[in-house]
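Engineer: Just dropping this structure here.
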Amino acid sequence: IRFIVDDETTETHEALQLSIDRPVALVLLKPEFTDQRHTVRAFRSLVRACAKVSHPNIAPVYEGYEEAGAIFYTRELIEGTNLPQLYENGERLDDLTLISIVKTIAAAHSYLETNEIAHDPIKTRHIYLGEDGKTRIANTATSEPCDQETVANLIGYLGTKLQNFVDPEKSVIANRLLAEMRNPGIVWTWQSLQ
């Protein structure tokens, strides 16, 4: 098991699902919270919400477990690098990759909205680019509705953040698309970006 990340109530590790020899992300409710009913209830609700998501580009939840006092679930271990990490490495992306990322995010948001799945807005830290060039998105489903930003604001945010990856000499089409996404005079929908 390899440690991945720690937050207020959980810690995430890379683990191996022995029954099928599959690497997974194991999200464990920290032991100091397992006797707090409210925190356990919120954790279970979050797992159920994430498990409802079934989209080819959004990381699925596999199973939830409660055994020997431990409460955890497993989900897809997303292979690849998220966009902030790529930015830190000074990466630039070509037109096809940038357009593919926009389409994938738009399709994911459309799916979540169409299926009325409460979710946090997809931000750059949730977006991963695999070595195969495919885009994967962390599961941002929530157990309770959250304050949603307007679609226009989210699309503008994406246009701004993805602009950091444009090579001005090589990404002519993506550069134009991202500029239009940032234009408050254009009314975008997730469907129109797919």
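Engineer: Of the residues HIS126, HIS55, HIS109, only one is within 26 Å of GLU144 (Cα to Cα) and touching a Ser or Thr at 6+ places or on another chain (Cβ under 7 Å); which? Spell out the reasoning first.
Structural biologist: Working: HIS55 fails: touching a Ser or Thr at 6+ places or on another chain (Cβ under 7 Å); HIS109 fails: touching a Ser or Thr at 6+ places or on another chain (Cβ under 7 Å).
The match here is HIS126.
Engineer: Pairs only if they're at least six apart or on different chains, beta carbon under 6 angstrom, first in the range 151-175 and assigned to a helix (DSSP H, G or I), second open to solvent by 50 Å² or more (accessible area, probe 1.4 Å); list them, first residue then second.
Structural biologist: Final answer for the pair search is GLY156/ARG182; GLY159/ARG182; THR160/ARG182.
Engineer: Another question, then. Can you pull out every residue in the range 1-50 that is closer than 18 Å to ALA68 by Cα, open to solvent by 40 Å² or more (accessible area, probe 1.4 Å) and in contact with a strand residue (DSSP E or B) (Cβ under 9 Å, 6 or more places away or on another chain)?
Structural biologist: Selection gives GLU11, PRO31, THR34, ARG44.
Engineer: Yes or no: the range 148-163 includes at least one residue that is closer than 24 Å to VAL24 by Cα and open to solvent by 60 Å² or more (accessible area, probe 1.4 Å). First the steps, then the outcome.
Structural biologist: Within the range 148-163, the subset closer than 24 Å to VAL24 by Cα is none.
No, that holds for no residue.
Engineer: GLU63 passes all but one of (1) surrounded by 14 or more Cβ atoms within 10 Å (Cβ to Cβ); (2) touching a strand residue (DSSP E or B) at 6+ places or on another chain (Cβ under 7 Å); which number fails?
Structural biologist: Among (1) surrounded by 14 or more Cβ atoms within 10 Å (Cβ to Cβ); (2) touching a strand residue (DSSP E or B) at 6+ places or on another chain (Cβ under 7 Å), the lone unmet condition for GLU63 is (1).
Engineer: Next question. With the checklist (1) of a type in the set (A, V, I, L, M, F, W, C); (2) farther than 16 Å from PRO60 by Cα; (3) surrounded by fewer than 21 Cβ atoms within 10 Å (Cβ to Cβ); (4) in contact (Cβ under 8 Å) with a residue 12 or more places away in the chain in hand, flag the one item LEU98 doesn't pass.
Structural biologist: (3)
Engineer: Which of (1) modelled with pLDDT of 95 or more; (2) open to solvent by 80 Å² or more (accessible area, probe 1.4 Å) does VAL53 not meet, given it meets every other one?
Structural biologist: Going through (1) modelled with pLDDT of 95 or more; (2) open to solvent by 80 Å² or more (accessible area, probe 1.4 Å) one by one, VAL53 breaks only (2).
The values are calculated or read from the model by the stated rules, or taken from the named source; none is laboratory data. Here the structure is a predicted model, which is why all the values come from computation and not from measurement. Neighbour counts run over all protein chains shown; Cβ positions are idealised from the backbone, glycine included. We work out accessible area using only protein heavy atoms, side chains counted, and drop any ligands, DNA or RNA first. Shrake-Rupley method; radii C 1.70, N 1.55, O 1.52, S 1.80 Å.
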